[in-house]
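A quick write-up on the structure given underneath.
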Amino acid sequence: MRAGRSARILVVGALTGAWLAASFPAAAAPWPVTADMTHPVDTLGLYDPATATWYLQDSVGRTSAFEFGDPGSVPVMGDWDGDGFDSPGFYDPATGDLVRVDDPAAGAWMVSALPAGGIPVAGDADGDGRDEVAVFMDGTVTGAWEGTTGLPAAADDVLATDLDGDGSDDLVLLAEGSWWTGGRAVELPLIDPADRAVLGDWDGDGSATLAVFRPRNAEFWLYWGSEVAGGITILPIGSSRMLPVAGRFGMPHGDPAVLPRIIDIPPLASGDAGQAVARLQTELAARNLYSGSVDGIYGPATEYAVMAFHKALGRERTWDWKPGDTDLLLEFEPTGYPIRWDEPDRIEVDVGRQIMFLILDQEVAAILPVSTGGGYTYYSERAHRNVSANTPRGDFELLRYSPGKSCDPLYGWCIFDAWNFTQVYAIHGYGSVPAYPASHGCVRIPLWESARLESLFFVGMPVHVWDVMPEIPLPTFDQTVPGPARAGKTGSAGAYWL
């Protein structure tokens, strides 16, 4: 069976039961726990090619970590000696060298040569109970399964498992968006080209199902059937640079460890694209800083989310993802807003940091960048006097909603989806939301956010605008803390302009 990938590699299979046990802490596992290891099931592991470090967890939940391999190598797992447990190996895509071992501590490495630059796959091709390794490249297989016909010219993933119950493993390839074996389609969940997959018998029922490692999320999605309807367990482990492995691991060898989770996001800027941007978008969305699609494009929606993050932390207000930001993001918790026990749904506008908190059911549902009144004085042609561009501070509530675009007939500039909290000032979408206070007094938010908030705001919703977070006394025992009660929206009576 087997694991991993080079251009793309996956493995299913089984680690030698003779490996030494230490004081390994057990962790909760989604698979059946078999404390005596008499009936183990396939479990998941990780390989870090940057450090050649393996993280393997047995079906009891004990995890070990050890180094084996060369940096940049690709992991393979297989039952090399037929003892019923999987052991590690690694393939060097630059040289084609394959190194396998039953026990890394004992040595006795087995070295063989395979074509360089291919996708390794391990499995029991002939049904003798021992796994071998083959390399797929340019529509052909070298090693086990050599001579197999009907293969696609290229594949994104190559796996091996016993599909028909005859005791020997079959090749399963992901090509052109579908899984194939022997020229026919295989019913397995489809995966994104950036994801990495392994197969295994996670529940001991004798059938192999898919586990998909999603690098951008640092998550395993463990499928319990051939389709999504069979159920999915999501395990937050790994990092964007790690490769998945799977197999029947015996007693752990190496140092006690936990399966790591590392979000690896390099510095990024507007115009960047790819998996690193997708990882950033995913992590920002998980913290209610980003509401756009995870498309891997560092565009305006990502820029504004990064700006909100920097504002919330009081850091330099930049649109770029800076060195050190990732570490801060992993520890990020929304802070600096008051708890109002009698208002489970409300809006808090922090003028000092230029951000807005949307609180629903006493939980932060969104953190948005805003631009409030710029504090300058300007001459109003409509009022025929000088007017100060200040946002009023205090406690308000949403008075009315003006959907869509409202344009000033005198000046021509337009606002979008305005929610008035006074007769003059509103929270509204605007084409420009700079890092600093710039408006005439309204609270500007990005256009796409104003459209999204239509379903979350309501007339009568409390709005609080402040420079420094107010201190709210705790409720006394004779006070009743109400639950959420949302009113309906009221149409606009027309925009007010200064």
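Per the listing 169, 103, 162, the residue uniquely assigned by TED's automatic domain parsing to the domain that holds residue 210, surrounded by 13 or more Cβ atoms within 10 Å (Cβ to Cβ), closer than 24 Å to residue 190 by Cα and at pLDDT below 90 is 162. Of the set (1) surrounded by fewer than 17 Cβ atoms within 10 Å (Cβ to Cβ); (2) under 29 Å from the mean Cα position of the chain (by Cα); (3) within 26 Å of residue 194 (Cβ to Cβ), all apply to residue 94 but (2).
Here the strands (runs of 3 or more DSSP E) wholly within the stretch 304-408 that include at least 2 residues being of a type in the set (A, V, I, L, M, F, W, C) and closer than 30 Å to residue 266 by Cβ are 355-360, 363-369. Can you tell me which residues in the stretch 282-297 are on the phi < 0 side of the Ramachandran plot, surrounded by fewer than 24 Cβ atoms within 10 Å (Cβ to Cβ) and not acidic (Asp, Glu)? Residues satisfying the conditions are 282, 285, 286, 287, 290, 291, 292, 293, 294, 297.
Residue count for the stretch 119-158 under the criterion of being small (Gly, Ala, Ser), touching a strand residue (DSSP E or B) at 6+ places or on another chain (Cβ under 7 Å) and under 22 Å from residue 190 (Cα atoms): the result is 4. Remark: pairs (first residue in the stretch 398-425, outside the structural domain of residue 450 (by TED's automatic domain parsing); second residue in a strand (DSSP E or B) and at pLDDT 90 or above; Cβ separation under 7 Å; 6+ apart in sequence or on different chains) are absent. Just checking, does the stretch 134-141 include any residue being over 22 Å from residue 248 (Cβ atoms), surrounded by 13 or more Cβ atoms within 10 Å (Cβ to Cβ), among the polar types (S, T, N, Q) and modelled with pLDDT of 90 or more? Yes.
The values are calculated or read from the model by the stated rules, or taken from the named source; none is laboratory data. Note that the structure is predicted; figures quoted are calculated from it, not measured. Every residue, glycine among them, receives a Cβ derived from its backbone with ideal geometry; neighbour counts consider all protein chains shown.
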